[in-house]
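Comments concern the structure below.
The values are calculated or read from the model by the stated rules, or taken from the named source; none is laboratory data. The shown structure was predicted, so the numbers you read here are calculated from the model rather than taken from an experiment. So basically every Cβ, Gly included, is an ideal-geometry build from the backbone, and we count neighbours across all protein chains shown.
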Amino acid sequence: MKAFQKNRYFPDAYVPAGVSSTSRIWAIPPLVLFGLVATVGIVGLAERYSGEMAILLILAVPAVLLLVGAGLSGALRRVRVLAVRLTWWHILWALIFASALVFRQRSVSQIETNLLDAWAIYRVSLDLIVGVILFTRLALRRPPFGGSMFQGFLGAMTVFAFVCMVSSVWSVFPAWTLFKSVEYLLSLALLAAILETAKSVQDFKSLFNWTWVLYGLLLVSVWIGAILWPQPALHPIGLPRDALLGVRLSGVFPNQSAEGVGVFGAMLGLICLCRLLPLGRDRRGSVWYFPVLAASIITMILSQTRVAVGGFLLGAFLILFLSKRLRLGTVMTFIVGPVLLLTGVGSVVWAFLKRGEDYQALTTLSSRIVWWTFAWHKFLERPLTGYGAYAGERFAVMAKLGMGTTSSLHSDYLGILIGTSIWGLIPFLAALIGIWWFLIVNFRRHSGTGPERQLAYEAIAVLALLSVNSLLVPMFSWQAPLYFLVILGYAEFLRRRQLRPIPVSIHVIKDRVPQPEAVPSNA
């Protein structure tokens with residue numbers, strides 16, 4: 001039993017022995033300050049909302065702060081662990097990520113007038129740094145990754161990148177096509193170098209974690225932008241006034257569309273689910289992932305990205321199925337879901353998914369079908385060549401539709417078809433289908449709960465999300481999809497490891513070789 005001592009500041013209070021009562025004094029000013037702020041907040045909010053709602057909002061603030069504090073504390077611990085494993089290719093991976101960030105939107109006319117503005121020079125500079133370091137290491141054969149680029153799934157994507165480069169010959173904007181294609185090829189070259197350097201599953205796990213950290217920091221920048229610039233971050237132009245949520249979260253600096261914010265929130269949410277529900281029903285994940293999961297889901301909902309919600313639900317179903325938590329999945333699918341939809345919650349869900357749009361907007365997938373129809377007619381004019389990778393969809397389609405600031409057709413597959421015809425689409429689909437097939441077969445072939453299978457488990461869940469979203473948002477073919485490239489790299493790593501011959505001891509070989517029988521001597 002603990003001994004207690006008398007508190008000299010409060011004679012009627014006792015504290016555990018060995019704990020200085022003066023160490024508790026620091027808590028008084030924050031509590032007093034919180035009380036004053038809460039009082040002012042309740043009075044101010046009560047003028048706009050009901051008194052009950054004002055009190056609820058005030059009480060929610062400490063809960064959110066506790067979640068943020070727990071998340072930051074856990075994040076710092078994991079960053080310290082990850083920092084020990086960082087190597088030169090982690091740094092280049094981060095530079096590739098930084099080069100793909102967008103800090104301003106330009107129209108087609110602005111691009112044609114001034115191709116290399118200050119932010120374009122920033123992007124080119126980072127690409128040059130990565131390129132110089134990579135090819136210096138290639139010249140020194142540290143590592144010799146040239147041949148690695150043309151093997152397996154990575155080889156199919158390298159062929160895709162080269163087809164994109166060749167399409168600059170007939171592109172409607174050759175410089176744009178060539179630069180974007182070289183950027184993508186540079187990412188593949190870095191991945192090839194990593195495949196030649198990484199020796200274990202733990203090395204790839206560090207790359208997975210590093211990738212999720214980078215996208216987590218991107219979402220943190222989105223929330224910082226929402227605090228500093230609430231109007232552009234939360235109230236974008238074009239959001240109907242009768243939408244259920246009057247806000248749609250997007251990134252301001254760097255610029256990030258609401259679709260991207262929703263997808264990245266869903267992606268991090270699936271990673272948290274995978275680690276909270278790891279393979280092996282007797283295992284438990286770290287509670288640190290709960291606040292990150294909550295923040296990811298809130299981010300996804302506030303972005304109002306319907307396809308991200310659909311991809312998240314598919315990924316969550318696969319997580320329950322692959323981890324053999326079938327009872328939980330059955331209850332959620334056939335009991336909780338229908339009950340919620342048949343009650344008043346169903347109308348709320350429909351209002352959220354509708355997003356205030358009218359019937360025409362819903363049936364045309366927010367005008368995407370109109371864009372795709374026009375793009376298909378343009379493709380029929382050049383069915384054998386297309387209009388040049390990355391340039392065709394922006395300069396030959398969207399600009400003609402009067403949408404000069406929209407950079408893509410919001411579909412990976414149609415965008416590739418418009419740019420490179422079937423010549424780019426074939427190797428791209430071959431790589432994507434091959435990755436899906438290999439990850440599923442490899443996962444089913446092996447049993448257990450080791451790190452190799454756990455990483456494949458996470459890769460399948462994220463790839464399901466990306467595959468659903470790639471139908472309506474470019475996820476795979478635009479620079480730099482590190483969330484896809486890390487999965488591509490891991491699938492290729494596993495494939496090469498299976499093909500690697502297993503060393504056999506010379507003593508084992510000698511034992512297996514039949515020895516000649518001894519011939520009796522006549523002597």
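If you take the residues of the stretch 439-466 that are over 13 Å from Y490 (Cβ atoms) and not small (G, A, S), which of them is modelled with the lowest pLDDT? Once the filter is applied, the top-ranked residue is T449.
Tallying residues that are over 18 Å from Y122 (Cα atoms) and of a type outside the set (V, I, T) within the stretch 165-204 yields 22. Among the residues of the stretch 136-145, just one is surrounded by 14 or more Cβ atoms within 10 Å (Cβ to Cβ) and either of a type in the set (D, E, K, R) or within 24 Å of T177 (Cβ to Cβ) (or both), namely R137.
Scanning the stretch 344-374 for residues that are within 27 Å of G415 (Cβ to Cβ) and of a type in the set (G, A, S) gives A361, S366, S367. May I ask you to verify whether L115 is assigned by TED's automatic domain parsing to the domain that holds L190, surrounded by fewer than 18 Cβ atoms within 10 Å (Cβ to Cβ), of a type in the set (A, V, I, L, M) and over 21 Å from the mean Cα position of the chain (by Cα)? Considered against the rule, which asks whether it is assigned by TED's automatic domain parsing to the domain that holds L190, surrounded by fewer than 18 Cβ atoms within 10 Å (Cβ to Cβ), of a type in the set (A, V, I, L, M) and over 21 Å from the mean Cα position of the chain (by Cα), L115 comes out as yes. Residues that are in a helix (DSSP H, G or I) and over 30 Å from A399 (Cβ atoms) are absent from the stretch 163-178. Of the helices (runs of 4 or more DSSP H) that lie entirely inside the stretch 289-403, those containing 1 or more residues that are among the acidic types (D, E), within 30 Å of F179 (Cβ to Cβ) and at pLDDT 90 or above span 368-381. Within the stretch 113-133, the only residue that satisfies the criterion of being assigned to a helix (DSSP H, G or I) and touching a residue at least 60 places away in the same chain (Cβ under 8 Å) is V130.
The listed residues are S250, S221, and the only one of them that is within 20 Å of A100 (Cβ to Cβ), free of Cβ contacts under 8 Å to residues at least 60 places away in the same chain and surrounded by fewer than 19 Cβ atoms within 10 Å (Cβ to Cβ) turns out to be S221. Any chance the stretch 162-181 includes a residue that's buried (at least 16 other Cβ atoms within 10 Å of the Cβ) and under 26 Å from L219 (Cβ atoms)? Among the residues of the stretch 162-181, at least one is buried (at least 16 other Cβ atoms within 10 Å of the Cβ) and under 26 Å from L219 (Cβ atoms), which makes the answer yes. Scanning the stretch 152-159 finds no residues that are more than 28 Å from Q256 (Cβ to Cβ), more than 24 Å from the chain's Cα centre (by Cα) and of a type in the set (G, A, S).
Yes or no: the stretch 141-153 includes at least one residue that is part of a helix (DSSP H, G or I), touching a Lys or Arg at 6+ places or on another chain (Cβ under 6 Å) and not polar (S, T, N, Q). Scanning the stretch 141-153, I find at least one residue that is part of a helix (DSSP H, G or I), touching a Lys or Arg at 6+ places or on another chain (Cβ under 6 Å) and not polar (S, T, N, Q), so the answer is yes.
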